[in-house]
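Read through the structure below, which is laid out as structure tokens, and then see the notes.
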């Protein structure tokens with residue numbers, strides 16, 4: 001970790017908080033239970049997934065000057081992601097989350113108030129080398145006013161020449177109200193080149209029942225990708241629409257599948273694959289994580305065909 005702005009010519013840059021992750025596995029968190037310690041964060045998950053597909057990926061964030069911060073940065077770096085843009089904050093801690101996994105949906109407890117990454121700001125991208133694409137999410141936008149300004153600046157072109165990707169990633173517990181989230185996330189989405197959102201997520205936020213309804217809200221987004229769970233994924237681009245059914249998969253644990261989908265889709269976009277191929281790539285990447293008890297998994301390039 002350092003303050004250098006050299007990320008070695010990365011194709012993909014992701015920005016956001018990654019926390020230390022404690023999980024007891026499938027079973028209750030009780031006294032004496034064995035706990036797995038790892039790292040978890042939406043944006044670093046995307047970078048890790050893309051790196052496993054051969055994309056030169058970097059992750060920008062802040063961590064505390066503590067053992068958990070070192071664990072987080074080392075964990076992401078070991079998975080092939082450039083972490084030279086991760087800054088160490090000597091006065092604030094690394095965020096922590098505890099996950100109780102279950103096939104029907106995990107319950108996650110966050111301890112991130114006042115964390116180092118919640119103080120991410122526009123200053124963190126000053127002088128950063130422009131990647132081909134920069135990916136941010138609504139999670140970062142919910143951390144603080146300064147972090148929301150950072151997301152807005154990135155989507156507005158702070159990294160001149162980079163395509164901008166925004167995953168809505170609505171987390172109710174991070175927002176003061178659903179109305180506040182709906183307004184802020186819609187405004188941010190309207191400025192992005194690429195937007196990814198779950199169909200059910202969009203319905204919760206904006207009352208849109210179908211993918212076409214979401215397109216009406218976001219008519220000017222160059223690539224609008226709507227994930228509809230086990231049914232399909234849809235992409236609107238260049239006045240056309242493509243749909244690819246979701247392949248069946250036996251779910252072990254669902255957390256991280258959306259991030260993996262984003263990684264698979266972005267890898268296809270960077271390789272200039274046609275929309276059906278990159279949607280299928282997103283599906284296969286998500287399936288790799290759905291079959292795993294972890295938030296990330298090695299995504300094999302051959303699985304994309």
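The values are calculated or read from the model by the stated rules, or taken from the named source; none is laboratory data. Quantities reported herein were computed from a predicted structural model and do not represent experimental measurements. Ideal geometry is used to build each Cβ from the backbone, glycine not excepted, and the neighbour counts take in all protein chains shown.
Quick one: which residue in 91, 84, 5 is out of contact with any strand residue (DSSP E or B) (no Cβ under 6 Å at 6 or more places or on another chain), modelled with pLDDT of 90 or more and either surrounded by fewer than 16 Cβ atoms within 10 Å (Cβ to Cβ) or not in a loop (DSSP other than H, G, I, E, B) (or both)?
After applying the criteria, what remains is 91.
Need at least 1 residues that are under 24 Å from residue 44 (Cα atoms) and modelled with pLDDT of 95 or more per element, so show me which strands (runs of 3 or more DSSP E) inside the stretch 188-258 make the cut, counting only ones lying wholly within it.
The strands (runs of 3 or more DSSP E) meeting that bar are 194-198, 223-228, 232-237.
If you filter the stretch 24-81 down to residues that are touching a residue at least 60 places away in the same chain (Cβ under 8 Å), touching a helix residue (DSSP H, G or I) at 6+ places or on another chain (Cβ under 6 Å) and part of a helix (DSSP H, G or I), you find that the one that is surrounded by the fewest Cβ atoms within 10 Å (Cβ to Cβ) is 42.
When residues in the stretch 259-288 are screened for being over 20 Å from residue 136 (Cβ atoms) and either surrounded by fewer than 24 Cβ atoms within 10 Å (Cβ to Cβ) or at pLDDT below 95 (or both), 13 of them pass.
Name the single residue, out of those in the stretch 219-233 being within 20 Å of the chain's Cα centre (by Cα) and more than 16 Å from residue 261 (Cβ to Cβ), that is surrounded by the fewest Cβ atoms within 10 Å (Cβ to Cβ).
222
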